[in-house]
Amino acid sequence: MLLLTEYRNHLIDLPNRIVMSPMTRLRSLPDGSPTSDVADYYAQRATAGLIVSEGIWPHSTGQSEAWVPGLQTPAHVEAWRRVTEAVHDRGGRIFAQLMHGGRKGHPLARIDGSWPAGPSAVLDDDRVHLIDGGKGDPITPAALDHAGIAAVVRQHAVAARNAMDAGFDGVEIHGANSYLAHQFLADNTNLRDDEYGGSIDNRMRLPLAVVDAVAEAIGSRRTAIRLSPGNPQFGMVEANPAPLYRALVAELDQRDLVYLHLTDNDRYPALRDLRPRWHGTLIANIGENGEPTTAAGAEQVLQSGLADLVSFGRSFIANPDLVHRIRYDVPLAPIREESLYGRTAEGYSDYPAWTAAAISG
Ligand SMILES: Cc1cc2nc3c(=O)[nH]c(=O)nc-3n(C[C@H](O)[C@H](O)[C@H](O)COP(=O)(O)O)c2cc1C
């Protein structure tokens, strides 16, 4: 199986082509520090070729939900260092996903109580997890002014440096699934008439500014980005993704980034359209809006040359030893949906590896 073979180029060297996809699990402390359960959880999954962490806010004004971790303070760096060391001790590699919520968030979900701000003041009807355990009402964010945009860009650079201090192997900028950079790219969330809205060049300006700031802070070769062209999740509208994403990928292709992480969906064949325009390492995610990614589906993507690596999300939740299970064709354990999000080790770091499960009956 190609999936189980080593992947190596001048920027990255992985023992297999199975990537753990970023997944928010809401297990951090109220201040945004990951707990020892988080270290256990990722260490248990260290046989992945690469782990991409759950989304992490670069700054508290980008916190999308309560219990999402941060990379802003010395306490965060210290706590993440314990996570990266646990993964490295088990022979793994881990990137930090920087996830700025933009318009997504709620004052009662945030440690600093701030009001969310995105490209434009457009109602977000997603209901996020609040600190008190409830869900917030939909709210209308503020529109970022120029000083706000400059601050957001700077905050990504600082958080990327923090990620390096914490021992991460690199940084993936979350440009997908309705978060800040995606909000600048999409039709319905960016109604700006300044140099950050309107034309394709203008819509790409903030995402590229973030990429450049992070690359300047930690080196382009440790900088990656995730994109989800045409993904309608969380109310995003992109009527004609092809021209914009072709232009964006052409720009990114000149920047010597470590990888591009691309999600495919039924509406726009992102992998087929964009693969020829990207000459670096490509991670595909094929599970968005559908069934969890399977080994057979992933192998097909690799065999067809549409990607170099494939990320698996949900299958990693209940199967810490997913790589082993794929290698030996062991059936996958089901997810306990009720503990997908929660604040305890239950349904998180307590899923056994196959051998342990088999022995205990
Ligand atoms: C519980 C959960 C949390 C997720 N959180 C994130 C996230 O923080 N960042 C991100 O880019 N994608 C996130 N995703 C999307 C996954 O990375 C992945 O793209 C999706 O689950 C589809 O892949 P799969 O079919 O292998 O699960 C999340 C998905 C799930 C199920």
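The values are calculated or read from the model by the stated rules, or taken from the named source; none is laboratory data. In this text the structure is predicted, and so the values were computed from the model without any measurement. Here the Cβ is made from the backbone with ideal geometry for all residues, glycine too, and neighbour counts use every protein chain on show. With ligands, DNA and RNA removed, areas are computed over all heavy atoms of the protein, side chains included. Shrake-Rupley method; radii C 1.70, N 1.55, O 1.52, S 1.80 Å.
Computed values, structure above
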item	result
Verdict on ILE149 being open to solvent by less than 10 Å² (accessible area, probe 1.4 Å), β-branched (Val, Ile, Thr) and part of a helix (DSSP H, G or I)	yes
Failed item in (1) open to solvent by less than 10 Å² (accessible area, probe 1.4 Å); (2) under 24 Å from TRP115 (Cα atoms); (3) away from the ligand (no atom under 13 Å from the Cβ), with LEU29 passing the rest	(1)
All positions within region 69-93 that are in contact with a Ser or Thr (Cβ under 6 Å, 6 or more places away or on another chain), among the aliphatic types (A, V, I, L, M) and either buried (at least 24 other Cβ atoms within 10 Å of the Cβ) or more than 27 Å from GLY148 (Cα to Cα) (or both)	ALA79
The listed residue being closer than 17 Å to ARG246 by Cα and either among the β-branched types (Val, Ile, Thr) or not in a helix (DSSP H, G or I) (or both), out of GLY167, GLY198	GLY198
Residue among SER114, SER53, SER36, SER60 that alone is in contact with a Pro (Cβ under 7 Å, 6 or more places away or on another chain), among the small types (Gly, Ala, Ser) and surrounded by fewer than 20 Cβ atoms within 10 Å (Cβ to Cβ)	SER114
Helices (runs of 4 or more DSSP H) (entirely within region 274-361) containing at least 2 residues that are within 11 Å of the ligand (Cβ to nearest atom)	295-303, 314-318
Selection status of GLY101, among the small types (Gly, Ala, Ser), within 14 Å of the ligand (Cβ to nearest atom) and assigned to a loop (DSSP other than H, G, I, E, B)	yes
Flag for THR84 being more than 16 Å from the ligand (Cβ to nearest atom), among the hydroxyl-bearing types (Ser, Thr, Tyr) and part of a helix (DSSP H, G or I)	yes
Selection status of GLY197, within 16 Å of the ligand (Cβ to nearest atom) and either open to solvent by less than 30 Å² (accessible area, probe 1.4 Å) or modelled with pLDDT of 95 or more (or both)	no
Answer residue from region 182-194, given it is of a type outside the set (S, T, N, Q) and open to solvent by 10 Å² or more (accessible area, probe 1.4 Å) and is nearest to the ligand (Cβ to nearest atom) among those	ASP187
Subset tally (residues that are assigned to a loop (DSSP other than H, G, I, E, B), of a type in the set (S, T, N, Q) and either under 17 Å from GLY175 (Cα atoms) or free of Cβ contacts under 8 Å to residues at least 60 places away in the same chain (or both)) for region 32-76	5
Residue selected from region 214-270 under the condition farther than 23 Å from LEU50 by Cα and aromatic (Phe, Trp, Tyr), by the criterion farthest from the chain's Cα centre (by Cα)	TYR268
Test: residue in region 269-287 that is crowded, with 23+ Cβ neighbours inside 10 Å, touching a residue at least 60 places away in the same chain (Cβ under 8 Å) and among the polar types (S, T, N, Q)	yes
